[in-house]
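Undergrad: Starting off with a structure, shown below.
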2 protein chains.
Amino acid sequence: MTEYKLTYFNFSGLGEPIRFILSYMGKEFQDIRISFEEWSQLKKKTPFGKVPFLEIDGKVIHQTIAILRYLAPQAGLAGKNAEEDLEIDMVVGAYGDLAAEFSRYWKTQNPDEKEKLKETIINETIPFYMSKFETILKNNGGYLANGKLSWAELYFVGHSSSIRGAIGLDLNEKYPFWKELTEKVHSLPGIKEWLKK
Amino acid sequence: MTEYKLTYFNFSGLGEPIRFILSYMGKEFQDIRISFEEWSQLKKKTPFGKVPFLEIDGKVIHQTIAILRYLAPQAGLAGKNAEEDLEIDMVVGAYGDLAAEFSRYWKTQNPDEKEKLKETIINETIPFYMSKFETILKNNGGYLANGKLSWAELYFVGHSSSIRGAIGLDLNEKYPFWKELTEKVHSLPGIKEWLKK
């Protein structure tokens, strides 16, 4: 049996989508959650000084998107052809641009700039992306691409649960369509059982 | 004949890798280079308020990585299986993390923080990533993944030519292995001819 060992911090962020896809695939996996103290030691041993990384029978793979793309066909969550994969990659890339803004906020030091950036993200960036995503979901029967479930939903919902902690905005509270998407993913076979643990 | 129409600014950045791959494929394409004034008008009409976007027979596709991934199999620049695609996606993702730092520098307003960030990027971030990429190239016979040319090289070289303008560091001057990689890509059939224009 293939051994999966995921290493990340003890929060959702970039690790949760991988926990989701492995759970959806019905795979048992070691869910290693390191402290920031452990991280300073471990960092040097990782491919690019980053988590998450996933060991599959000892082989280390890294980069959340790369990992999800790799596992997606095995999970039945990839597109059925290049056109469908493109649709998934486009919406995932757009979410990545939004996520980059959270990361920028997180890393900004100057208190005035940080506060201003937070306001821009909450009042402009998030509403802009949310309105785009809402339209896409409407046009795709409640999914993000191709009118069916893909790894994009697992990535969006898995990652976005960190936004509340990062910037103090609960997407599920503010956007009913997002709550619906979250509930859809949270009730998927495998993910549902894993969340109960 | 399929019509390709690329819209981006008049510099390399995220547009150049797409210009490279279309040239490598031997495709004629409209290379629309907009001014910042034009951009403020056009922005609202794009899928997520971003460039580049590529029109293929009128269909708009966006997100540089998604576009490259989509064109790669047609260009003969994709992996031959999921494992090879994973190798490409991992190194591309790592480069994306580096590129995100340039973008963060670019967007930082506070002069002290901006200056400090620039120093960190030049003295720590770039040397760190360059040493990793150098090792990967050594282990892959001068390529970034799977010991052969892929869309990763086009992405790295196409995008990184903007770094000098963005942060004042010429990778080709500082890192001989990078210059070699750049020359390798610049002398590829199709790209060589396109650069001459």
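Undergrad: Among the residues of the range A:128-161, what is the count of those that are polar (S, T, N, Q) and over 19 Å from A:L188 (Cβ atoms)?
TA: Final tally of qualifying residues: 3.
Undergrad: Identify the residue in the range B:104-141 that is closer than 21 Å to A:Y105 by Cβ and of a type in the set (A, V, I, L, M, F, W, C) and, among all such residues, is modelled with the lowest pLDDT.
TA: Of everything passing the filter in the range B:104-141, B:W106 is modelled with the lowest pLDDT.
Undergrad: Turning to a different aspect of this structure: Would you confirm whether or not the range B:24-39 contains a residue that is in contact (Cβ under 8 Å) with a residue 60 or more places away in the chain and assigned to a helix (DSSP H, G or I)?
TA: Checking the range B:24-39: at least one residue is in contact (Cβ under 8 Å) with a residue 60 or more places away in the chain and assigned to a helix (DSSP H, G or I).
Undergrad: Separate question: State whether one or more residues within the range B:138-150 are aromatic (F, W, Y) and in contact (Cβ under 8 Å) with a residue 40 or more places away in the chain.
TA: No, there is no match, as no residue in the range B:138-150 is aromatic (F, W, Y) and in contact (Cβ under 8 Å) with a residue 40 or more places away in the chain.
Undergrad: Please count how many residues of the range A:118-162 are of a type in the set (V, I, T) and under 25 Å from A:E83 (Cβ atoms).
TA: The qualifying residues number 3.
Undergrad: Checking A:V51 against (1) outside any loop (DSSP other than H, G, I, E, B); (2) crowded, with 19+ Cβ neighbours inside 10 Å; (3) β-branched (V, I, T), which single condition isn't satisfied?
TA: (1)
Undergrad: Please tell me if B:E180 is acidic (D, E), surrounded by fewer than 19 Cβ atoms within 10 Å (Cβ to Cβ), in contact with a Gly (Cβ under 9 Å, 6 or more places away or on another chain) and part of a helix (DSSP H, G or I).
TA: Values: acidic (D, E): yes; surrounded by fewer than 19 Cβ atoms within 10 Å (Cβ to Cβ): yes; in contact with a Gly (Cβ under 9 Å, 6 or more places away or on another chain): yes; part of a helix (DSSP H, G or I): yes.
Considered against the rule, which asks whether it is acidic (D, E), surrounded by fewer than 19 Cβ atoms within 10 Å (Cβ to Cβ), in contact with a Gly (Cβ under 9 Å, 6 or more places away or on another chain) and part of a helix (DSSP H, G or I), B:E180 comes out as yes.
Undergrad: Scan the range B:129-151 for residues that are closer than 23 Å to B:M25 by Cβ and in a helix (DSSP H, G or I) and jot them down.
TA: Passing the criteria: only B:W151.
Undergrad: Next up: Kindly provide the set of residues from the range B:54-88 that are more than 11 Å from chain A (Cβ to nearest Cβ) and in a loop (DSSP other than H, G, I, E, B), ordered by number.
TA: Within the range B:54-88, B:D57, B:G58, B:G76, B:L77, B:K80 meet the criteria.
Undergrad: Right, here's the next one. Which condition does B:L188 not pass, out of (1) in a loop (DSSP other than H, G, I, E, B); (2) farther than 16 Å from B:E16 by Cα, if it passes all the others?
TA: It is condition (2) that B:L188 fails.
Undergrad: I would also like to ask the following. Please name all residue pairs, on different chains or six or more residues apart, with Cβ atoms under 7 Å, provided the first residue is in the range A:104-123 and is in contact (Cβ under 8 Å) with a residue 60 or more places away in the chain and the second residue is of a type in the set (A, V, I, L, M) and in a helix (DSSP H, G or I).
TA: Taking only residues 6 or more apart or on different chains, the pairs are A:Y105/A:L117; A:Y105/A:I121; A:Y105/A:I167; A:W106/A:A166.
Undergrad: For B:I126, which of the numbered conditions (1) surrounded by 13 or more Cβ atoms within 10 Å (Cβ to Cβ); (2) more than 12 Å from chain A (Cβ to nearest Cβ); (3) of a type outside the set (S, T, N, Q); (4) not in a helix (DSSP H, G or I) fails to hold?
TA: (4)
Undergrad: A follow-up question, please. So which residues in the range A:40-64 are closer than 13 Å to A:T2 by Cα and free of Cβ contacts under 8 Å to residues at least 24 places away in the same chain, if there are any at all?
TA: A:K59
Undergrad: Now a separate question. For the range A:152-174, give me the residue count where each residue is surrounded by 14 or more Cβ atoms within 10 Å (Cβ to Cβ) and part of a helix (DSSP H, G or I).
TA: Matching residues across the range A:152-174 total 15.
The values are calculated or read from the model by the stated rules, or taken from the named source; none is laboratory data. Being a predicted model, the structure only gives us computed values, none of them experimental. So basically every Cβ, Gly included, is an ideal-geometry build from the backbone, and we count neighbours across all protein chains shown.
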